[in-house]
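Q: Sharing a structure here in structure tokens format.
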Amino acid sequence: MPLNLPGNRWLHGFDAATVADDLTRIGPVGLIRCLLGERRFRPSGPHAQDWNVAAHSLNVALIFLRVRTVRGWPLDWLGYTLAHDVHEAFLGDIPSPVKRHLEPAFETLAGQIDIGLARYFHLDVPASQAAGVAVAIRHCDQVALLLEAEEFNLTLERGPDSFSAAVVEDFLACGGRAWTFRKDDVVRTSSGI
């Protein structure tokens with residue numbers, strides 16, 4: 001369910017200062033509904049269901065809970081992982097190649113929205129922890145990407161061998177199967193782990 005904002009509002013002088021007003025108007029439940037309605041991708045198959053941004057964000061948070069003690073991350077960071085894609089309620093789920101093409105404007109706008117969201121939800125990251133939180137979010141987001149690619153038979157724009165050893169280790173710890181790498185293609189091994 002969109003926020004009654006044009007999907008390309010940010011192209012037309014989007015004012016990140018209105019994020020707090022929009023959130024006050026719709027509330028946290030409305031925001032969750034927006035994320036539930038924001039499709040991340042549609043898997044194929046007769047019984048496939050849409051995978052939305054809310055499900056992905058929950059997946060990232062669950063991965064964080066699974067690996068945080070091994071990685072040395074405090075439980076206090078859980079809220080940041082859960083909210084890492086909330087800006088997509090305003091911007092939509094824009095594919096990574098498109099985001100890269102729109103740099104740096106897209107990152108600036110998403111960052112402004114994230115600041116407004118953090119203030120609204122009282123999730124301001126202490127400066128001393130900002131870098132660690134960013135690493136944890138990126139790490140768990142990459143693990144989620146590998147798990148989602150495996151679960152829904154998605155083709156990744158880059159091969160899994162381009163992910164760090166720690167990401168692959170946590171992918172396996174979270175139930176992912178072993179992969180063999182052949183050039184940029186992803187092939188599941190028959191034996192698994």
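Q: Just the Kirkwood number for segment 123-169, please: inverse of mean 1/r across all distinct Cα pairs, in Å, one decimal.
A: With all distinct Cα pairs of segment 123-169 included, I get 12.0 Å.
Q: Please arrange Asp21, Asp50 by accessible surface area, largest first, computed with a 1.4 Å probe and ligands excluded.
A: Greatest to least solvent exposure: Asp21, Asp50.
Q: So, in nm, how far is label Ser162 from label Phe41 when the simple model puts each one 7 Å beyond its Cα toward the Cβ?
A: 1.4
Q: Turning to a different aspect of this structure: If you take the Cα Rg of segment 51-119 and divide it by 2.2 N^0.38 Å, with N the number of residues, what do you get?
A: 1.22
Q: Right, another one. If each Cα of segment 101-148 is one equal point scatterer, what is log10 of I(q)/I(0) from the Debye formula at q = 0.23, 0.24, 0.31, 0.32 Å⁻¹?
A: Log-scaled intensity ratios, in q order: -1.02, -1.04, -1.01, -1.01.
Q: Ok, one more. Taking amide H positions as placed in the peptide plane 1.01 Å from N, state which residues far from Asn52 in sequence (5 or more) or on other chains have amide H under 5 Å from it.
A: Residues meeting the amide H criterion: Arg40.
Q: Hey, if we sort Val143, Val168 by accessible area with the 1.4 Å probe, largest down, what's the order?
A: Val168, Val143
Q: What's the magnitude of the charge dipole for segment 28-177 around its Cα centre, counting Lys and Arg as +1 and Asp and Glu as -1 at the beta-carbon? Answer in Debye, nearest 20.
A: For this selection, approximately 140 debye.
Q: For Val67, Val29, give me the order by solvent-accessible area with a 1.4 Å probe, most accessible first, ignoring ligands, DNA and RNA.
A: Heavy-atom accessible area, descending, gives Val29, Val67.
Q: Additional query: Give me the number: length gained by fully extending Arg177 to Thr24, i.e. 0.36 nm times residue separation minus the C-alpha to C-alpha distance, one decimal in nm.
A: 50.8 nm
The values are calculated or read from the model by the stated rules, or taken from the named source; none is laboratory data. Just so you know, these numbers come straight off a predicted model, no measurement behind them. Neighbour counts are summed over all protein chains in view; Cβ atoms, including those assigned to glycine, are modelled from backbone coordinates with ideal geometry. Heads up: the accessible areas ignore ligands, DNA and RNA and are worked out on the full protein's heavy atoms, side chains in. Shrake-Rupley method; radii C 1.70, N 1.55, O 1.52, S 1.80 Å.
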